[in-house]
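Bear in mind these aren't lab numbers, they're just calculated from the coordinates by the rules spelled out. Quantities reported herein were computed from a predicted structural model and do not represent experimental measurements. Every residue, glycine among them, receives a Cβ derived from its backbone with ideal geometry; neighbour counts consider all protein chains shown.
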Amino acid sequence: MNCNEFQYWLVTRDIFFNETPDTLFHLKTCDACKNLYLADTCLEKNIRSGFIRQEISKELFSRIDLAIDQAKKPFRLKKAEIAAFSAWIAFIAVIMTLLILQ
Ligand SMILES: [Zn+2]
């Protein structure tokens, strides 16, 4: 096995994971491919560790849950806001009426 064959095996080893005696022998005899193999193995290990499920604190979970609930609530005006808005509309109506009657 030469370096090109070994590197092809390295790229495709997720699909064809079988380590043959040829790949193991090349790994022992070629420092360049051995370093490449070690770097690739380390990279794959780190990628796998990034997908490990992490527990989150109950406080953070509650805050996320509350934020989701708040986002689901429809927009509603409070009674004071409705009263202020109605008073504003009535005020504008009176002003418009006075302007028209002049
Ligand atoms: Zn090699």
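Below is a table of values for the structure above.
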| read-out | value |
| --- | --- |
| Spatial extent of the range 3-50: Rg and Dmax, with the Cα atoms as the point set, Å | 10.8, 32 |
| The chain - Rg and Dmax from Cα coordinates, angstrom | 35.0, 104 |
| Rough spin-label spacing in nm, given labels placed 7 Å along Cα→Cβ, for Val11 and Val94 | 8.2 nm |
| Dipole of the chain [Lys/Arg +1, Asp/Glu -1 at C-beta], most positive-end residue of Trp88, Asn46, Ile100 | Ile100 |
| Nearest-20 debye value, the chain charge dipole, Cβ charges on Lys, Arg, Asp, Glu | 820 debye |
| Length released on extending from Ala32 to Ala80, taking residue separation times 0.36 nm less the Cα-Cα span | 9.7 nm |
